[in-house]
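The values are calculated or read from the model by the stated rules, or taken from the named source; none is laboratory data. Predicted model only: the values in this text are computed from it and were never measured. Glycine also receives a Cβ, built like all others from the backbone with ideal geometry; neighbour counts cover every protein chain displayed. All accessible areas refer to the heavy atoms of the entire protein, side chains included, with ligands and DNA or RNA removed. Shrake-Rupley method; radii C 1.70, N 1.55, O 1.52, S 1.80 Å.
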Amino acid sequence: MSLFEGVRALLQFSTILPVGRSADFEAFAKRSYLYPLAGYLIGAVALLPLFIIPNPLAGAALSIGLLLFLSGCNHFDGLLDLGDGLMAHGSREIRVRALTDRQIGAGGVAMGLTITLISFGSLSALAAIPAVLLIAEVASKASMATLTALGAPFRDGIHSFLYERAQWWFLIPAWLFAMPLFLLPLPWVAITVALGAAASATGILLAGARRLFGGINGDLVGASNEIVRAVVLLTLVIMLA
């Protein structure tokens, strides 16, 4: 199974982009550190409205919409499920049930609105610096790779399939894929702090998921994409605006 096949499987798994015939998912499962490559592609496409549309609010809204559309809203769905799980009262089993059921409650709606508004507000404040969206998207995918490598699953599913084929050291190349971001025409201190915030948020998500749910599932990995993106954009507002 080639690296190229792994990249194709990654794009088929994490985007709605047409990349030809069905790829061998095993090729990506054994190379889940490739997640940030999808971040570069999705981020590069989604930042285009910031160049084209002069109004920062409209440009940011369209860019956020593109991010959701290109991922098939899969990660956003995980964010909503996490919100329900966090708001559930009672035992771990009750929280897991709320996290994994098919219904969306008030907790999910509140979580989805809050994280999306943070991302939208931060991006609109930084619309004159479109490259920030690339940083946020690559960092969010590195977060997903980290949770995939370190997050022991609490149930069988896609995440458990990926986890069983991942190695702890996958997090190293995953974050190294973020190094080309330092070539962007932005202060390296701001990029460093943003990546540090992303790594910190990932650690908090991992620890919190272990405590509240007993482990990780695909919903939590997807939610990390949305949460870490918002954290990075908000950090960059503080550093650059």
Restricting attention to region 41-53, does a residue exist that is open to solvent by 50 Å² or more (accessible area, probe 1.4 Å) and under 22 Å from residue 2 (Cβ atoms)? yes
If you go through region 21-41, how many residues are outside any helix (DSSP H, G or I) and aromatic (Phe, Trp, Tyr)? 0
So, in region 54-69, how many residues would count as being surrounded by fewer than 19 Cβ atoms within 10 Å (Cβ to Cβ) and under 22 Å from residue 219 (Cβ atoms)? 3
Quick check, is residue 49 out of contact with any Asp or Glu (no Cβ under 9 Å at 6 or more places or on another chain), within 23 Å of residue 127 (Cα to Cα) and modelled with pLDDT under 95? no
Scanning region 201-241 residue by residue, those assigned to a helix (DSSP H, G or I), over 14 Å from the mean Cα position of the chain (by Cα), of a type outside the set (D, E, K, R) and over 21 Å from residue 121 (Cβ atoms) turn out to be 204, 207, 208, 209, 212, 213
Among the numbered conditions (1) open to solvent by 50 Å² or more (accessible area, probe 1.4 Å); (2) under 14 Å from the mean Cα position of the chain (by Cα); (3) of a type outside the set (Lys, Arg), tell me where residue 22 comes up short. (2)
Qualifying residue in region 49-62 (condition: closer than 20 Å to residue 231 by Cα, under 17 Å from the mean Cα position of the chain (by Cα) and touching a residue at least 60 places away in the same chain (Cβ under 8 Å)): no
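Every residue, every condition in (1) within 19 Å of residue 216 (Cβ to Cβ); (2) of a type in the set (S, T, N, Q), yes or no:
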{"residue": "78", "(1), (2)": "yes, no"}
{"residue": "101", "(1), (2)": "yes, no"}
{"residue": "114", "(1), (2)": "no, yes"}
{"residue": "122", "(1), (2)": "no, yes"}
{"residue": "129", "(1), (2)": "no, no"}
{"residue": "136", "(1), (2)": "no, no"}
{"residue": "146", "(1), (2)": "yes, yes"}
I want to confirm something. Restricting to region 162-180 and keeping residues that are within 23 Å of residue 24 (Cβ to Cβ), assigned to a helix (DSSP H, G or I) and among the aromatic types (Phe, Trp, Tyr), which single residue is least open to solvent (accessible area, probe 1.4 Å)? 170
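How many residues are assigned to a helix (DSSP H, G or I), of a type outside the set (Val, Ile, Thr) and closer than 17 Å to residue 123 by Cα when one looks only at region 181-200? Talk me through it step by step, then tell me what you get.
Step one: of region 181-200, the residues assigned to a helix (DSSP H, G or I) are 181-183, 188-200.
Checking the rest, the ones that are also of a type outside the set (Val, Ile, Thr) come to 181-183, 188, 190, 194-200.
Then drop every residue that is not closer than 17 Å to residue 123 by Cα, which leaves 190, 194-195, 197-198.
Count: 5.
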